[in-house]
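J.: Submitted below is the structure of interest, expressed as C-alpha cells.
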Amino acid sequence: MLTIGQKMMECRENFNMSQEELAMRIRKSLKMVQQLEENQMTPDQDTLFNLSSVLDIPISDLIDCCNEQKILH
C-alpha cells in the first residue's frame, strides 16, 4: 500500500500540479507539503479534508494511507 506522501504525490502529478500550487490550494506552506510527501509528518484532519477536495480523492483513501503508515512506524 502507498504511504500518504506517495498517494499525495501520485494524485498531484496526475493533475500536473506543482508542490507550490498544491500548498496554495490547501492553504499550507510549501515546506509542509514537502514534509507530507516525504512522510516526515502526518496531516491533521483539516489538511486531510483539503487534500481530499483538491486532489479529488476520497478522504477514506487518505485515512487508510495514514493508518497504514502509523502501523508501519
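The values are calculated or read from the model by the stated rules, or taken from the named source; none is laboratory data. All figures in this text were calculated on a predicted structure; none of them were measured in a lab. Methodologically, a virtual Cβ is constructed for each residue, glycine included, from the backbone with ideal geometry; neighbour enumeration extends over all protein chains shown. Keep in mind that these areas ignore ligands, DNA and RNA; they rest on the heavy atoms of the full protein, side chains included. Shrake-Rupley method; radii C 1.70, N 1.55, O 1.52, S 1.80 Å.
J.: Scan the range 1-37 residue by residue and report those that are within 12 Å of the chain's Cα centre (by Cα), outside any helix (DSSP H, G or I) and modelled with pLDDT under 95.
T.: Across the range 1-37, the qualifying residues are L2, T3.
J.: Residue pairs, Cβ under 7 Å, 6 or more apart or interchain, first in the range 1-17 and without any contact (Cβ under 8 Å) to a residue 60 or more places away in the chain and closer than 16 Å to T47 by Cα, second open to solvent by less than 20 Å² (accessible area, probe 1.4 Å) and acidic (D, E). List them.
T.: So the pair list comes out as G5/E37; M8/E37; M9/E37.
J.: Also: Could you figure out which of (1) open to solvent by less than 60 Å² (accessible area, probe 1.4 Å); (2) part of a loop (DSSP other than H, G, I, E, B); (3) at pLDDT 95 or above; (4) not β-branched (V, I, T) isn't true of N50?
T.: Exception for N50: condition (2).
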